[in-house]
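Read through the structure below, which is laid out as structure tokens, and then see the notes.
Nothing in this text is a laboratory measurement; each read-out follows from the coordinates by a stated rule. Nothing here was measured: the structure is a model prediction, and the numbers come from that model. Note that each Cβ is placed from the backbone with ideal geometry, even for glycine, and that neighbours are counted across all protein chains shown.
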Amino acid sequence: MTSTVRIGALLPTREMAILDDFSISPLLDFARRAEALGYDSLWTGDSLVARTRLDPFVVLSAAAAVTEKITLGTGALTASLRHPLLGANMVTSLDHASGGDRLVLGLGAGFPMPESEDEFNSVGVPFDGRVGRLDETARYWKTAWSARTEGAETAHTGKLWQTERLDRLAAPATKGGPPLWLAGSDTPRVLARVAKLYDGWLPFLPTDSAYATAWDKIQEQAGDRHITPGLYATVNINPDAVKAKAQLEDYLQGYYGRSLEVMSTFQAYGWGSADDCAEWLAGYIRAGARHIVIRIGSLDPGDQLEQLAEAVLPAVRGIL
């Protein structure tokens, strides 16, 4: 496993939507700043009506045009909301728009909340069976992107879709297509799916000990497959830990309509001084995480992107 630690930042597409601002220019400014500050990657979420925001393919295409080398990722793309043939072409188009070898697709099956179920229903996709639907989508895409390779399969024959001649699709800029990571928890089924099918794992586990246990299980099952161990973590930096926690509480009420007490039982949240946040993230690195996606937990983040770059990023990268 690589000893390099990579740090990414999440574009505030959902945060801006909460404030009823769907402007693209602040997102592009954020993208430029993140690259200039030395972040390794730039990510965006995906939701139509459950947690409304701008389309990730459009946002990342625009971000690709104003940046040069920073990795672009989805955290996470609800791939099942799109037919896999359409999705494959959209991903390929974004892969070309970003120049190739810059794109990572974190994929989610759909969060088990009433809002997510309503979102699936709104586009006529069954919420039940969404896990199998996501895995078949991943297999479909892998087939499509390798279809032009000599001797590779050109047809997908699955439970949900059967498509011939996938070699008619445009070939991706990245050989074999962009890597697919599974955004999920630490259940035995999730870990087995990561080990068997996906190129990376993007969980949001609330403790580093839970992360270490889960990552060990993935490695045991993966054999010689290379899998990138990621982490989706939310932080709020403030020298006053009480104020940092209060701001995070307000953020979660606006984002999810749920409290920090509830959300922190299954997602990763850190707050306090830059040193506090760096030490908290360091625990996950010691547990095996190598690519951390940071969401700033505030609707008014101020200079937290800069604070993270100045104080947290060097400290976290220096762990190994």
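Things worth noting here:
- Helix 188-197 and the longest principal axis of the C-alpha atoms of the chain enclose an angle of approximately 60°.
- Note on region 6-317: with charges restricted to the Cβ of Lys and Arg (+1) and Asp and Glu (-1), its dipole about the Cα centre is near 980 debye.
- Assuming charge only on the beta carbon of Lys and Arg (+1) and of Asp and Glu (-1), the dipole of region 179-320 about its Cα centre is about 660 debye to the nearest 20.
- In the frame of its principal axes, the chain has Cα extents of 59, 43, 39 Å, reported largest first.
- Where a label projected 7 Å from the Cα of residue 319 along Cα→Cβ would reach, residues of region 177-205 with amide N under 18 Å: 186, 201-205
- Between 0 and 90°, nearest 10: helix 241-255 axis offset from the chain longest Cα axis: 40 degrees
- Note on region 1-142: Cα Rg divided by 2.2 N^0.38 Å, N the number of residues, gives 1.06.
- Candidates 272, 241, 147 compared by Cα position along the dipole of the chain: farthest toward the positive end lies 147, with charges placed on Cβ.
- Proximity of backbone amide H atoms, modeled 1.01 Å from N, is registered between residue 174 and 101 at under 5 Å, excluding neighbours fewer than 5 places apart on the same chain.
- Residues with amide H under 5 Å from that of residue 270, placed H, sequence gap 5 or more: 234, 235, 236
- Between region 257-279 and region 91-146, the Cα center-to-center distance that results, in Å: 27 Å
- Cross-linked pairs 159/196; 69/175; 69/243: Cα-Cα separations exceed 29 Å for 69/243.
- Over region 6-317, relative contact order from alpha-carbon pairs under 8 Å, at least 6 apart, %: 16 percent
- Angle between the chain longest axis and helix 25-37 axis [Cα atoms, degrees, rounded to 10]: 80 degrees
- Sequence-distant residues sharing a close amide H with residue 228 (under 5 Å, placed H): 200, 201
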